[in-house]
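The values are calculated or read from the model by the stated rules, or taken from the named source; none is laboratory data. Just so it is clear, the model here is predicted, and its values are computed rather than measured. Positions of Cβ are generated from backbone atoms using ideal geometry, with glycine treated the same way; all protein chains shown enter the neighbour counts.
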Amino acid sequence: MATQYKLHSEQQGTVIFDGKVLGRATSQQPDHNHDAPFVAPGFDENGRKNKCPACRWLEVTVYATTPRGYVLHTIGKTVVPGEIEFARISRTASAFELVDIATVRSGNKPYLPAPSSRALAQASDKDDDVRDAYVNRAVI
């Protein structure tokens, strides 16, 4: 049985659809990896972006929609004062495109972020088309 979902993104507005959750994952961790109240913006001494999975994290949900299709909902969450959350709501009729939409392209190395991979892996257990697209994806 389908449920009606109402997703909101400051960037895209509100999207309403009928469907069911196929997979959900987060990169949020309970513990901070720094001493300051919030992780400092910028980069560390090795040129890597300062990250703290208790300050900023990614949440990913994969939905199957009625009629046949998919919604990928990603949210870049933050508890850092002054920062905004960035949500993206993507719709597609194709499981292969669903995996492509979840893929991040950074320079010459496309990759599937861990929460996206976990949400798609969960969805693979519930949807044969997602399983085929996830198993046969071109990126890790």
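Taking the range 1-37 as the range and being of a type in the set (A, V, I, L, M, F, W, C) and not in a strand (DSSP E or B) as the test, the residues that pass are MET1, ALA2, ALA36. Here ILE16 meets each of (1) farther than 20 Å from GLY76 by Cβ; (2) of a type in the set (Val, Ile, Thr); (3) surrounded by 13 or more Cβ atoms within 10 Å (Cβ to Cβ) with one exception, condition (3). Scanning the range 43-67 for residues that are in contact with a Ser or Thr (Cβ under 7 Å, 6 or more places away or on another chain) and outside any loop (DSSP other than H, G, I, E, B) yields ARG56, TRP57, LEU58, GLU59, VAL60. Under 8 Å between Cβ atoms, which residue pairs at least 6 apart in sequence (or on different chains) link something in the range 11-24 that is within 16 Å of TYR70 (Cβ to Cβ) with a partner that is surrounded by 14 or more Cβ atoms within 10 Å (Cβ to Cβ) and of a type in the set (Asp, Glu)? Listed by first residue and then by second, the contacts come to LEU22/ASP127; ARG24/GLU59. Within the option set VAL99, VAL79, being within 14 Å of the chain's Cα centre (by Cα) and of a type in the set (Val, Ile, Thr) holds for one residue only, VAL99. Do we have any residue at all in the range 40-58 that's in contact with an Asp or Glu (Cβ under 8 Å, 6 or more places away or on another chain) and either within 19 Å of SER9 (Cβ to Cβ) or of a type in the set (S, T, N, Q) (or both)? Yes: the range 40-58 contains one or more residues that are in contact with an Asp or Glu (Cβ under 8 Å, 6 or more places away or on another chain) and either within 19 Å of SER9 (Cβ to Cβ) or of a type in the set (S, T, N, Q) (or both). Would the range 33-42 turn up any residue that is surrounded by fewer than 20 Cβ atoms within 10 Å (Cβ to Cβ) and touching a Leu at 6+ places or on another chain (Cβ under 7 Å)? Checked against the condition, which is being surrounded by fewer than 20 Cβ atoms within 10 Å (Cβ to Cβ) and touching a Leu at 6+ places or on another chain (Cβ under 7 Å), the range 33-42 yields no hits at all.
Only residues that are acidic (Asp, Glu) and in contact with a Phe, Trp or Tyr (Cβ under 9 Å, 6 or more places away or on another chain): list them for the range 86-140, please. Before the answer, list the steps.
Restricting attention to the range 86-140, the residues satisfying the condition of being acidic (Asp, Glu) are 97, 100, 125, 127-129, 132.
Result: GLU97, ASP127, ASP129, ASP132.
Taking the criterion of being closer than 26 Å to PRO81 by Cβ and among the aliphatic types (A, V, I, L, M), the only residue of the range 1-24 that qualifies is LEU7. Just one of the numbered conditions (1) under 29 Å from ASN136 (Cα atoms); (2) at pLDDT 95 or above; (3) touching a Phe, Trp or Tyr at 6+ places or on another chain (Cβ under 9 Å) is not true of LYS6: (1). Scanning the range 46-64 for residues that are of a type in the set (S, T, N, Q), surrounded by 14 or more Cβ atoms within 10 Å (Cβ to Cβ) and farther than 15 Å from LEU120 by Cα gives a single hit, ASN50.
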